[in-house]
Amino acid sequence: MSNPEIFTDAWARAWGDQLRTSESYRSAAARWEGAIAMVLEADAGLGLPGDRSVLLDLWHGECREARTATGSDLEQAPFVLRGAAAIWKRVLEGDVDPLFAVMSGKLKLARGSVAKLVPHARASKEMVLAARRVEASFPRQWEAESP
């Protein structure tokens, strides 16, 4: 069986499992309240005809749910991050810090406040570390993409 592609339901659920078993995430995110949705923007050239989005329902160091985001999730989540495949790949591979990506405009904070994210810098790093522990794949077309 192959590894799930990023930003799919199987990948999101595996990411949630990693968060649930991470003591370092639990400690770093003890004050985090609310869901965060992340959107991988469509790119027909990379074989992504539509956006892919995932939702993490997070509460005081617990991941209550991780799955594909619905339209309603994207409208209601306190934080929504949007970005192109190339930047998400760099974030997930550990080449770019997630908060730096937001502050520099590489990832767009479509909903929420940067001021409310900054105190959670350590939690965001732990979230990315948990995502990196998921054995996942990028679509083959991405391999030729140079950020």
Out of all the residues in region 8-26, which are surrounded by fewer than 19 Cβ atoms within 10 Å (Cβ to Cβ), touching a residue at least 40 places away in the same chain (Cβ under 8 Å) and hydroxyl-bearing (Ser, Thr, Tyr)? THR8, SER24
Report, ordered by the first and then the second residue, all pairs with beta carbons closer than 9 Å, sequence separation of six or more or different chains, a first member in region 86-113 that is more than 19 Å from GLU126 (Cβ to Cβ), and a second member that is of a type in the set (Ser, Thr, Tyr) and modelled with pLDDT under 90. ALA86/SER146
Are any residues in region 91-119 part of a helix (DSSP H, G or I), out of contact with any helix residue (DSSP H, G or I) (no Cβ under 8 Å at 6 or more places or on another chain) and not aliphatic (A, V, I, L, M), and if so, which ones? PHE100, LYS116, PRO119
Between GLY61, GLY47, GLY83, which is within 22 Å of GLN18 (Cβ to Cβ) and either of a type in the set (Phe, Trp, Tyr) or in contact (Cβ under 8 Å) with a residue 40 or more places away in the chain (or both)? GLY83
What tally of residues in region 83-124 results from selecting those that are touching a Ser or Thr at 6+ places or on another chain (Cβ under 9 Å) and under 19 Å from TRP11 (Cα atoms)? 2
Quickly run through region 1-30 and pick out the residues that are of a type in the set (A, V, I, L, M, F, W, C) and either over 20 Å from LEU117 (Cα atoms) or assigned to a helix (DSSP H, G or I) (or both). MET1, ILE6, PHE7, ALA10, TRP11, ALA12, ALA14, TRP15, LEU19, ALA28
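Give the residue that is nearest to VAL102 (Cα to Cα), with candidates limited to residues of region 56-90 that are assigned to a strand (DSSP E or B) and of a type in the set (Asp, Glu). Spell out the reasoning first.
Within region 56-90, the first condition is being assigned to a strand (DSSP E or B), and the residues that meet it are 56-59, 62-68, 79-83.
Remaining after also requiring of a type in the set (Asp, Glu): 57, 62, 65.
Values: ASP57: 20, GLU62: 23, GLU65: 23 Å.
It comes out as ASP57.
For PHE100, state whether it is under 23 Å from PRO4 (Cβ atoms) and surrounded by fewer than 19 Cβ atoms within 10 Å (Cβ to Cβ). Let's see the steps before the verdict.
Details: under 23 Å from PRO4 (Cβ atoms): no; surrounded by fewer than 19 Cβ atoms within 10 Å (Cβ to Cβ): yes.
Considered against the rule, which asks whether it is under 23 Å from PRO4 (Cβ atoms) and surrounded by fewer than 19 Cβ atoms within 10 Å (Cβ to Cβ), PHE100 comes out as no.
Out of ALA66, ALA123, which single residue is touching a strand residue (DSSP E or B) at 6+ places or on another chain (Cβ under 6 Å) and crowded, with 18+ Cβ neighbours inside 10 Å?
Working: ALA123 fails: touching a strand residue (DSSP E or B) at 6+ places or on another chain (Cβ under 6 Å).
Checking each option against the conditions leaves just ALA66.
When region 40-55 is examined, which residues are found to be in contact with a helix residue (DSSP H, G or I) (Cβ under 7 Å, 6 or more places away or on another chain) and surrounded by 14 or more Cβ atoms within 10 Å (Cβ to Cβ)? Spell out the reasoning first.
Residues of region 40-55 in contact with a helix residue (DSSP H, G or I) (Cβ under 7 Å, 6 or more places away or on another chain): 40, 43, 46-48, 53-55.
Scanning region 40-55 gives LEU40, ASP43, LEU46, LEU48, SER53, VAL54, LEU55.
The values are calculated or read from the model by the stated rules, or taken from the named source; none is laboratory data. Fair warning: this is a prediction, and the values are worked out from it, not measured in the lab. So basically every Cβ, Gly included, is an ideal-geometry build from the backbone, and we count neighbours across all protein chains shown.
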